[in-house]
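The next block holds one structure in the form of structure tokens; read it before the comments.
The values are calculated or read from the model by the stated rules, or taken from the named source; none is laboratory data. What you are looking at is a predicted structure, and each value in this text was computed from that prediction instead of being measured. Ideal geometry is used to build each Cβ from the backbone, glycine not excepted, and the neighbour counts take in all protein chains shown.
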Amino acid sequence: MKSCLLLAGFFICSVSSEAAVNATRDSAFNYESNRFEKKGYVLHFTSNAADFSAAVKKRMVDAFFTVYPKLVEDFNRDAAKEVYFKIDTAYHGVAATGRGNVVYDPRWFAKNPGDIDVVTHEVMHIVQAYGRSVGPWWITEGIADYIRFKYGIDNEGGRWKLPEYTDQQKYSDGYRVTARFLAWIEARVKDGSVKALNKVLRDHSYNKDSWKQITGRSLDELWSAYSKDPAL
Ligand SMILES: [Zn+2]
């Protein structure tokens, strides 16, 4: 009798917890909620902009769950599993990231509702987690834009692309200019270079010789070759 009850109790418990999990899963994606959960990742989404587009919010949430787990898997399995997005009228810029927090300027999305891969760039910064970086800022930003180029879900819709090479550029320009240089290194010199670069930045062993160790060529040699034949 006792074991029967226990058995029944266990059975009921397991059924009801399974139902509860399903209910959470469904309600998490009604997009009205500010807490979303999927496969071990949690996204908190808050906004103080009353008129922030529900469609943009939905796309940002979807972009997070599409891109972030892949970046964690590929670049840093210890990255935060719980992330906070805040749409903040007090913030002026496009977006900024610190630890597991990303703040977005609602005015940017009002003007550029298709620019969803801002999310991809910003969440890569969470994955990078270089802390007190020993590397220059332009590599950090170049990697984040390279990741946007490679993992972005709708760069075309955001009217975002890598610029063609010009002789006005320097590798240290950061963002898209550096991103294109990294894409060229991946395509023409050694694939996996960005992953290797991310690793030395994460473990604080980066120095100017890292380029040679990773690709077989110094940074200046790479840029010189890139400037002569920049096709991807
Ligand atoms: Zn950035």
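Remarks
- Residue check for Pro113: surrounded by fewer than 17 Cβ atoms within 10 Å (Cβ to Cβ), within 14 Å of the ligand (Cβ to nearest atom) and of a type outside the set (Gly, Ala, Ser): no
- Counting only helices (runs of 4 or more DSSP H) that fall entirely inside region 179-232 and contain at least 2 residues that are of a type in the set (D, E, K, R) and surrounded by 13 or more Cβ atoms within 10 Å (Cβ to Cβ), the qualifying elements are 193-202.
- Some residue of region 165-174 being under 28 Å from Asp62 (Cα atoms), surrounded by 14 or more Cβ atoms within 10 Å (Cβ to Cβ) and within 16 Å of the ligand (Cβ to nearest atom): yes
- Being in a helix (DSSP H, G or I), surrounded by fewer than 17 Cβ atoms within 10 Å (Cβ to Cβ), over 13 Å from the mean Cα position of the chain (by Cα) and not hydrophobic (A, V, I, L, M, F, W, C) is a property that Lys58 has.
- Condition met for Gly131 (in a loop (DSSP other than H, G, I, E, B), within 12 Å of the ligand (Cβ to nearest atom) and exposed (fewer than 14 other Cβ atoms within 10 Å of the Cβ)): no
- In the set (1) modelled with pLDDT of 95 or more; (2) in contact with an Asp or Glu (Cβ under 8 Å, 6 or more places away or on another chain); (3) not in a loop (DSSP other than H, G, I, E, B), the condition left unmet by Asp154 is number (3).
- Among the candidates Asp105, Asp74, Asp88, residue that is touching a residue at least 40 places away in the same chain (Cβ under 8 Å), of a type outside the set (Lys, Arg) and within 15 Å of Lys57 (Cα to Cα): Asp88
- Scanning region 210-219 turns up at least one residue that is under 25 Å from Lys161 (Cα atoms) and aliphatic (A, V, I, L, M).
Per-residue answers, yes or no, for (1) closer than 18 Å to His204 by Cβ; (2) within 18 Å of the chain's Cα centre (by Cα); (3) more than 11 Å from the ligand (Cβ to nearest atom):
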residue: Asp117; (1), (2), (3): no, yes, yes
residue: Glu122; (1), (2), (3): no, yes, no
residue: His125; (1), (2), (3): yes, yes, no
residue: Trp137; (1), (2), (3): yes, yes, no
residue: Ile143; (1), (2), (3): yes, yes, no
residue: Asn155; (1), (2), (3): no, yes, yes
residue: Gly158; (1), (2), (3): no, yes, yes
residue: Lys161; (1), (2), (3): no, yes, yes
